Amino acid sequence: MINILFTGNDASWDEYEPHLQAAFASLPFDVHLSRDIPADQVDYIVFGGEAPITDFAPFTRAKLVQRLWAGVEDIVGNETLTIPLARMVGGGLDQGMIEWVTGHVLRHHLGMDDHINGQDGVWRNDVTPPLAQHRPVTILGLGALGQACGQALAQLGFPVTGWSRSQKSVEGLTCVSGPDGFETALSSAQILILLLPKTPATENTLDENAIAKLPKGAVVINPGRGGLIDDQALLAALDQGQLSHATLDTFRVEPLPPEDPFWAHPKVTVTPHIASATRADLAAEVVAENIARGEAGKPFQHLVDRSAGY
Ligand code: NAP
């Protein structure tokens, strides 16, 4: 019997439990899934929702902590967590992020707001948007989500540049890395998308200097993490016209407090961290696959690199 501990609140248990049970039913061994298993008898930890575990030391026989989200910044530095940590890749996150990013890129590319807000009887047909092929887009972060979004945008015709820590080669994209690549990535970006993880190295990636390297009037779209952007520098650049709009899904403090200036700023769109959520039915398959691998002695998928922080 393999004991699988689910950590999470009542809502996430209700959402995930039937899908996990269904996915585990196809495994070639018996599984006991519960939110209440003595720590020293747990084989795998499925880490969902607001997880209460802060001390992993008592889980002496556990083989893996499987996060149900993509981000791991709140757990990766936990010194009691010495067993492998896997994060969610797939599980609907990629498709959801493609849809959210593409929608917001097209909103700005097509100038949709002018028509949605301007239903006043005036026939404004004097502005033809450029074709996608004349609208360079840059994605900071070329991981699972950055690559998926970049390829979707490239298929629509946008010239897409992607920036990552290590040099990548992705069909249809111009891939750059390192400090020189950062300059290149920013200098052409009429629309900039942030899909980096939050780590000490990515804190304030988009600061005053970086914003100054963007073409005047660029749009920033941030479904990554709030800490990637220097908020004051962003607001100043919007007020000065260096940036024309920021669409923000993630924030340093969430929920974003009602008094935060982002809510009322005319050039900011706030969405409440809904760019892409893990889908329980698809995520359950990913979890089951990793547990099957663990029991078969195969390497786990989607492991987090603790030293890099993501
Ligand atoms: P991932 O596969 O780990 O990709 C991260 C990318 O960032 C990689 O290309 C990595 O470079 C690059 N990177 C990391 N540190 C860097 C640095 N210092 N300089 C340059 N590039 C760096 O992550 P993912 O699955 O694509 O997810 C990305 C982030 O999206 C998550 O961490 C999370 O914060 C966010 N997210 C948000 C939502 C939402 O609803 N808003 C949903 C899901 C995820 P290498 O390729 O060289 O490693």
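Considering only the range 237-246, state which residues are away from the ligand (no atom under 16 Å from the Cβ) and open to solvent by less than 40 Å² (accessible area, probe 1.4 Å). Ala237, Leu238, Gly241, Gln242, Leu243, His245 - these are the residues of the range 237-246 that are away from the ligand (no atom under 16 Å from the Cβ) and open to solvent by less than 40 Å² (accessible area, probe 1.4 Å). Taken together, the residues in the range 64-94 that are more than 16 Å from the ligand (Cβ to nearest atom) and farther than 20 Å from Asp43 by Cα amount to 0. Checking each residue in the range 66-108 for being in contact with a strand residue (DSSP E or B) (Cβ under 7 Å, 6 or more places away or on another chain) and more than 23 Å from Thr54 (Cα to Cα) picks out Val101, His104, Val105, His108.
Determine which single condition Ala264 fails, assuming it passes every other condition in (1) free of Cβ contacts under 8 Å to residues at least 24 places away in the same chain; (2) aliphatic (A, V, I, L, M); (3) within 14 Å of the ligand (Cβ to nearest atom). With respect to (1) free of Cβ contacts under 8 Å to residues at least 24 places away in the same chain; (2) aliphatic (A, V, I, L, M); (3) within 14 Å of the ligand (Cβ to nearest atom), Ala264 is out only on (3). Right, Arg67: of a type in the set (D, E, K, R) and open to solvent by less than 20 Å² (accessible area, probe 1.4 Å) or not? For Arg67, the condition - of a type in the set (D, E, K, R) and open to solvent by less than 20 Å² (accessible area, probe 1.4 Å) - is met. Can you confirm whether Asp55 is more than 16 Å from the ligand (Cβ to nearest atom) and open to solvent by 40 Å² or more (accessible area, probe 1.4 Å)? Yes, satisfied. Mind telling me which of the residues Gly77, Gly96 ends up being open to solvent by less than 20 Å² (accessible area, probe 1.4 Å) and among the small types (Gly, Ala, Ser)? Going through Gly77, Gly96 in turn, just one is open to solvent by less than 20 Å² (accessible area, probe 1.4 Å) and among the small types (Gly, Ala, Ser): Gly96.
Screening the candidates Asp260, Asp249 for the property of being charged (D, E, K, R) and open to solvent by less than 30 Å² (accessible area, probe 1.4 Å) yields one hit, Asp249.
Based on what the data block shows, is Arg61 open to solvent by 30 Å² or more (accessible area, probe 1.4 Å), away from the ligand (no atom under 16 Å from the Cβ), in contact (Cβ under 8 Å) with a residue 24 or more places away in the chain and over 17 Å from Asp281 (Cβ atoms)? Here the answer is no, as Arg61 does not meet what is asked. Do the conditions hold for His134, that is, is it away from the ligand (no atom under 12 Å from the Cβ) and either at pLDDT below 95 or more than 22 Å from Gly217 (Cα to Cα) (or both)? Here the answer is no, as His134 does not meet what is asked.
Out of (1) in contact with a strand residue (DSSP E or B) (Cβ under 9 Å, 6 or more places away or on another chain); (2) touching a residue at least 12 places away in the same chain (Cβ under 8 Å); (3) farther than 23 Å from Phe251 by Cα, the odd one out for Asp114 is which? For Asp114, the exception is condition (1).
Residue by residue, here is whether (1) buried (at least 18 other Cβ atoms within 10 Å of the Cβ); (2) more than 13 Å from the ligand (Cβ to nearest atom); (3) hydrophobic (A, V, I, L, M, F, W, C) holds:
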| residue | (1), (2), (3) |
| --- | --- |
| Ile274 | no, no, yes |
| Thr278 | yes, no, no |
| Ala292 | no, yes, yes |
| Gly297 | no, yes, no |
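Here Asp113 meets each of (1) farther than 24 Å from Ile191 by Cβ; (2) under 27 Å from the mean Cα position of the chain (by Cα) with one exception, condition (1). For the range 174-212, the tally of residues that are under 19 Å from the mean Cα position of the chain (by Cα) and more than 10 Å from the ligand (Cβ to nearest atom) stands at 5. Selection of the range 119-153 for residues being surrounded by 11 or more Cβ atoms within 10 Å (Cβ to Cβ) and either more than 30 Å from Val176 (Cβ to Cβ) or among the β-branched types (Val, Ile, Thr) (or both) yields Val137, Thr138, Ile139.
Residue-by-condition table, conditions (1) assigned by TED's automatic domain parsing to the domain that holds Gly217; (2) in a loop (DSSP other than H, G, I, E, B); (3) free of Cβ contacts under 8 Å to residues at least 12 places away in the same chain; (4) under 22 Å from Pro299 (Cα atoms):
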position: Trp13; (1), (2), (3), (4): no, no, no, no
position: Ser26; (1), (2), (3), (4): no, yes, no, yes
position: Ile45; (1), (2), (3), (4): no, no, no, yes
position: Phe56; (1), (2), (3), (4): no, yes, no, yes
position: Ile75; (1), (2), (3), (4): no, yes, no, yes
position: Val105; (1), (2), (3), (4): yes, no, no, no
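Considered as a group, the residues in the range 116-136 that are farther than 25 Å from His273 by Cα and in a helix (DSSP H, G or I) include one that is nearest to the chain's Cα centre (by Cα), and that residue is Ala132.
The values are calculated or read from the model by the stated rules, or taken from the named source; none is laboratory data. The structure presented is a predicted model; accordingly, all values stated were derived computationally and were not measured. No Cβ is skipped: glycine too gets one built from the backbone with ideal geometry, and neighbour counts run over all protein chains shown. In case anyone asks, the SASA skips ligands and DNA or RNA and just uses the protein heavy atoms, side chains included. Shrake-Rupley method; radii C 1.70, N 1.55, O 1.52, S 1.80 Å.
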